[in-house]
Every structure is written in structure tokens, then in C-alpha cells.
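To start, the structure itself, in C-alpha cells.
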Amino acid sequence: MTLNDELDNIFQRRDRDNMQPTIDALLPYYAAHPENARVLYEIGGAYDTAGQEDIALGFYEKALAAGLEGDLLRRCYVQYGSTLRNVGAYERSLEVFKAARASFPDSPALGAFEAITLHAAGRPNGSIALLLELLAKFVCSSDIERYKPAINGNAAYIRALEGEH
């Protein structure tokens, strides 16, 4: 069984309401593979889900430095940016989401979590504008298509209000 298979098995058995067994199962992998990007990311996520954000942040940062790629990188950005928001580091969270969205422009999840951070940071106009932009870009329906120019126009108008406070 590969390391990835073993990590997958640990997460298939996790209980989001009691993450300590998952953390305990991951710690030996961390000891054996302290530089493995996925191990770092997964243990960070386990601590994060357990409500231990300060510990999670360190693991997310190590995972990013270790070279996460692809979908794991995108997921780490979502979780890292959200955790920064949860600890009140709004500007850092927004920096992470800006970089992440540049790398993954087709990820509506990154945009949605960035909008949550904008709202938490007291920037509701930016949050609403971003959500409207995501709606226009990612929701495919004839109803949205018909009104896409109006939705985008309103998003631009609301975004312009962001600087007025």
C-alpha cells in the first residue's frame, strides 16, 4: 500500500466530531515523513477540523513550502485562507486567496471563501460583488445567461462602492 493509500484510509475513517483519533493516526506518518507535502497538509487539516487553528496554520505553511501541487494545493489554499480568517488575520487571508485565485481561476470555492473573508473583514460590498461575479461565471442556467450582463454590471457598481465606505 502506498503512502497516499494509507492517508486516504485514515481519512475515510475520520470522525469530524472527534478528530483526535485521526490526528493520532497521522502523527507516525509525520514522524516518518516530516517533509512530505501531503502528510503536512493532511495533518494540518486534521488539526484545523479539531479546532486547533494555530497548530493547523504551521502545518499548512510547511505543506505549501514543501511543494503541494494540483488539487491538494488548491484545497490547502482554501483551508489555509479560511483558517487565517478564523484567527482574525483578514489581510493575510485575502493575500492567500488572491494568490490562490491567480493559480486556480476556475475554482468557485476559492472565490466563495474569499467572499466570506471580505465579509468578515468588514468589506460587504466586495463580498457581494465577488459572489455576483462567481454567480455569473460559474452558474450555468438560461436564467443567469439572460441576465449575465446586468449581474456583471451590478457587481462592478457594487465593487466601486467598496472604496467609498
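Return yes when residue 21 is closer than 16 Å to residue 3 by Cα and either in contact with an Asp or Glu (Cβ under 6 Å, 6 or more places away or on another chain) or of a type outside the set (Lys, Arg) (or both) and no when it is not. When the stated conditions are applied, residue 21 does not pass them.
Would you confirm whether or not the stretch 19-36 contains a residue that is free of Cβ contacts under 8 Å to residues at least 40 places away in the same chain and within 29 Å of residue 134 (Cβ to Cβ)?
The answer is no, given that none of the residues of the stretch 19-36 is free of Cβ contacts under 8 Å to residues at least 40 places away in the same chain and within 29 Å of residue 134 (Cβ to Cβ).
Of all residues in the stretch 110-155, those satisfying the criterion of being among the aliphatic types (A, V, I, L, M), open to solvent by 40 Å² or more (accessible area, probe 1.4 Å) and either closer than 23 Å to residue 85 by Cα or not in a helix (DSSP H, G or I) (or both) are 116, 120, 128, 131, 132, 135, 139.
The set of residues in the stretch 86-97 that are surrounded by fewer than 15 Cβ atoms within 10 Å (Cβ to Cβ) and in contact (Cβ under 8 Å) with a residue 12 or more places away in the chain comprises 87, 91. Per the listing 150, 160, 115, 66, the residue uniquely out of contact with any Leu (no Cβ under 7 Å at 6 or more places or on another chain) and at pLDDT 95 or above is 150.
The values are calculated or read from the model by the stated rules, or taken from the named source; none is laboratory data. Small disclaimer: the values here were computed from a predicted structure and weren't measured. Positions of Cβ are generated from backbone atoms using ideal geometry, with glycine treated the same way; all protein chains shown enter the neighbour counts. Note: accessible area is taken over every heavy atom of the protein model, side chains too, but ligands, DNA and RNA are not part of it. Shrake-Rupley method; radii C 1.70, N 1.55, O 1.52, S 1.80 Å.
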